[in-house]
Amino acid sequence: SQQGEEDPQALSIQEGENATMNCSYKTSINNLQWYRQNSGRGLVHLILIRSNEREKHSGRLRVTLDTSKKSSSLLITASRAADTASYFCATVWDSSYKLIFGSGTRLLVRP
Amino acid sequence: GEEVAQTPKHLVRGEGQKAKLYCAPIKGHSYVFWYQQVLKNEFKFLISFQNENVFDETGMPKERFSAKCLPNSPCSLEIQATKLEDSAVYFCASSPPGGWRNEQFFGPGTRLTVL
């Protein structure tokens, strides 16, 4: 399977704390993207990092990419209850542009 | 439109019946992708289109699944003779010209339940 792995599978934190999720993948990539899925809803794109980038920020989000280790991390700072969702990393690695998803991390932010 | 639209939201079929799902991509987007999500976590790529042409169909179970994207019509994903294991949420996504450089915009999904 081309699926990547994410850890932890589930994460429970208090509002205001930071949340870190990790993603590992198997092949060389063109870019890596992070998506959020609220329960029963579609995916919302959060951030895209290209293979030649090492770090990217967007608001309270910080993504790092280490292509030598084939891994990425997503940091959400100052979490809010509204951040409760599942987070998926997805890679684009070939000319078909299809996304290969990780297994997801379920984040619960307690008020 | 500004969002990817998918219909219907829910679809219930008896085993062996046909199911047809529809997707209207964002106007101006060149690429359409179909994904299957089983058990709320694993996403599986099914097929993609570049405009009305099949771009990558390596994920399609070809015996029973087919898909089209015709000009001036919503894209469609059809499952002939559904099986219990086809129960899943099917997501459509679209992407602007530029291929791998771009994010994909997802629709809200169609939940297919096969009884």
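The values are calculated or read from the model by the stated rules, or taken from the named source; none is laboratory data. Owing to the predicted nature of the structure, the values given are computational and were not obtained by experimental measurement. FYI the Cβ positions are ideal-geometry reconstructions off the backbone, even for glycines, and counts take in every protein chain you see. Areas reflect the complete protein model, heavy atoms only, side chains present, ligands, DNA and RNA absent. Shrake-Rupley method; radii C 1.70, N 1.55, O 1.52, S 1.80 Å.
What the table shows:
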item: Residues satisfying the stated conditions in region B:67-85, i.e. surrounded by fewer than 16 Cβ atoms within 10 Å (Cβ to Cβ) and either within 14 Å of another protein chain (Cβ to nearest Cβ) or in a strand (DSSP E or B) (or both); result: B:LYS68, B:GLU78
item: Selection status of B:SER94, at negative phi, within 14 Å of chain A (Cβ to nearest Cβ) and under 13 Å from the mean Cα position of the chain (by Cα); result: yes
item: Tabulated pairs, region B:86-115, first assigned to a helix (DSSP H, G or I), second hydrophobic (A, V, I, L, M, F, W, C) and surrounded by 19 or more Cβ atoms within 10 Å (Cβ to Cβ), C-beta under 6 angstrom, 6+ apart or interchain; result: B:ASP86/B:ILE79; B:ASP86/B:VAL114; B:TRP100/A:VAL92
item: Unique residue being more than 12 Å from chain B (Cβ to nearest Cβ), within 28 Å of B:TRP34 (Cα to Cα) and either in contact with a helix residue (DSSP H, G or I) (Cβ under 9 Å, 6 or more places away or on another chain) or surrounded by 14 or more Cβ atoms within 10 Å (Cβ to Cβ) (or both) when the list is A:LEU61, A:LEU43, A:LEU32; result: A:LEU61
item: Filter result for the condition that a residue is at pLDDT 95 or above, among the aliphatic types (A, V, I, L, M) and open to solvent by 40 Å² or more (accessible area, probe 1.4 Å), over A:ALA19, A:ALA85, A:ALA78; result: A:ALA78
item: Index of the failed condition, A:LYS26 passing every other in (1) of a type in the set (Lys, Arg); (2) under 30 Å from B:LEU112 (Cα atoms); (3) in a loop (DSSP other than H, G, I, E, B); result: (2)
item: Hey, A:SER96 at the interface with chain B (Cβ under 9 Å from one of its Cβ atoms), under 17 Å from B:GLU103 (Cβ atoms) and assigned to a loop (DSSP other than H, G, I, E, B) or not; result: yes
item: Residue in region A:72-79 that is farther than 18 Å from A:GLY104 by Cβ, small (Gly, Ala, Ser) and more than 11 Å from the chain's Cα centre (by Cα) present; result: yes
item: Unique match (being open to solvent by 60 Å² or more (accessible area, probe 1.4 Å) and either modelled with pLDDT under 95 or in contact with a Ser or Thr (Cβ under 7 Å, 6 or more places away or on another chain) (or both)) among B:THR58, B:THR113; result: B:THR58
item: Top-ranked residue of region B:1-20 - restricted to ones that are of a type outside the set (Gly, Ala, Ser) and not in a strand (DSSP E or B), ranked as surrounded by the most Cβ atoms within 10 Å (Cβ to Cβ); result: B:VAL4
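Residue-by-condition table, conditions (1) closer than 17 Å to B:ILE79 by Cα; (2) more than 10 Å from every other protein chain (Cβ to nearest Cβ); (3) part of a strand (DSSP E or B):
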| site | (1), (2), (3) |
| --- | --- |
| B:TYR22 | yes, yes, yes |
| B:GLN37 | yes, no, yes |
| B:LEU46 | yes, no, yes |
| B:MET60 | yes, yes, no |
